[in-house]
1. In Å³ and rounded to a whole number, note down the convex hull volume per residue for the Cα atoms of the chain.
2. Please arrange R151, R184 by how many other C-beta atoms lie within 10 Å of their C-beta, fewest to most.
3. Near K18, which lysines are there with a Cα under 29 Å away, not counting those fewer than 8 places off in the same chain?
4. What does the charge add up to near E133, with Lys and Arg as +1, Asp and Glu as -1, over the other residues with Cβ less than 14 Å from its Cβ?
5. Obtain the nm distance between the two label points defined at R152 and E40 by a simple spin-label model: each point lies 7 Å from its Cα along the Cα-to-C-beta direction.
6. What angle, in degrees between 0 and 90 and rounded to the nearest 10, separates the Cα long axis of helix 129-140 from the longest principal axis of the Cα atoms of the chain?
7. For K71, give me every one of the lysines with a C-alpha distance below 16 angstrom, ignoring sequence neighbours fewer than eight places off in its own chain.
8. Roughly how many nanometres apart are two label points built 7 Å out from the Cα toward the Cβ at D183 and A15?
Amino acid sequence: MSTESTVNIKHPVPALVKKRFGDKRLRASEYNGQTTLVLEPGDLHEVMQFLKDDPECRFDFLSDVFGVDYKDYPAKTPGRFAVVYNLCSCPRTDRIFVKVFLDPSIPTEGIEEDPALWVDSVCDIWPGAEWNERETFDMFGIRFRNHPDLRRILTWKDYPAHPLRKDYPLRGLGERENYVVIDRTDA
């Protein structure tokens with residue numbers, strides 16, 4: 001397990017995760033009172049189950065799941081994309097962020113399925129993750145293994161790109177020019 005960035009962390013959970021998963025690569029950081037655990041994508045599901053079920057952790061509420069594109073980010077990151085989970089413990093009244101980095105293996109301009117942009121779904125742990133994971137898939141093209149209904153949620157089925165990727169053109173791909181307007185009588 002990597003110990004980089006785990007010293008001087010005040011939040012008790014990184015130490016619990018480190019103790020339980022000594023063979024896993026874990027990084028932790030604290031900034032402005034917020035703690036973030038960085039995990040390898042293959043370790044995500046097991047650690048998330050631990051964070052929910054362990055009596056000392058008890059992260060019983062998944063507040064949010066979202067994607068981040070670090071393309072052209074000034075600091076070096078372990079991957080271009082990240083999936084971030086905002087976990088809350090209602091009994092302990094605190095939160096922690098869990099992040100996994102993914103690096104594309106093919107160019108990201110299109111909608112091709114990239115085998116490197118897959119991560120395990122946490123819908124079986126927190127059912128409320130379903131729509132957030134769908135939004136992350138739709139906007140970034142990150143797919144969630146074992147998701148119960150992984151399909152686009154904000155764009156149409158055959159939409160030709162993922163609009164929150166930083167290589168998506170600022171003016172779009174001509175969607176507005178080709179958009180079919182449906183009036184009330186057609187709906």
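Readers should treat all values here as calculations from the given coordinates under stated rules, not as data from a laboratory. Computed from a prediction, not measured in an experiment: that's the story for all the values here. Note that we place each Cβ from the backbone using ideal geometry, even for glycine, and neighbour counts take in every protein chain shown.
1. Once divided by residue count, the hull of the chain is 154 Å³.
2. Details: R151 9, R184 5.
Starting with the residue having the fewest Cβ neighbours, the order is R184, R151.
3. Reachable lysines: K10, K52, K76, K99.
4. Values: positive: R134, R143, R145, R151, R152; negative: D64, D120, D124, E130, E135, D138, D149.
Result for the local shell: -2.
5. The two pseudo-label positions are separated by 3.5 nm.
6. Helix 129-140 and the main axis of the chain meet at about 60 degrees.
7. Those lysines meeting the cut-off are K166.
8. My value for the distance between the label points is 6.8 nm.
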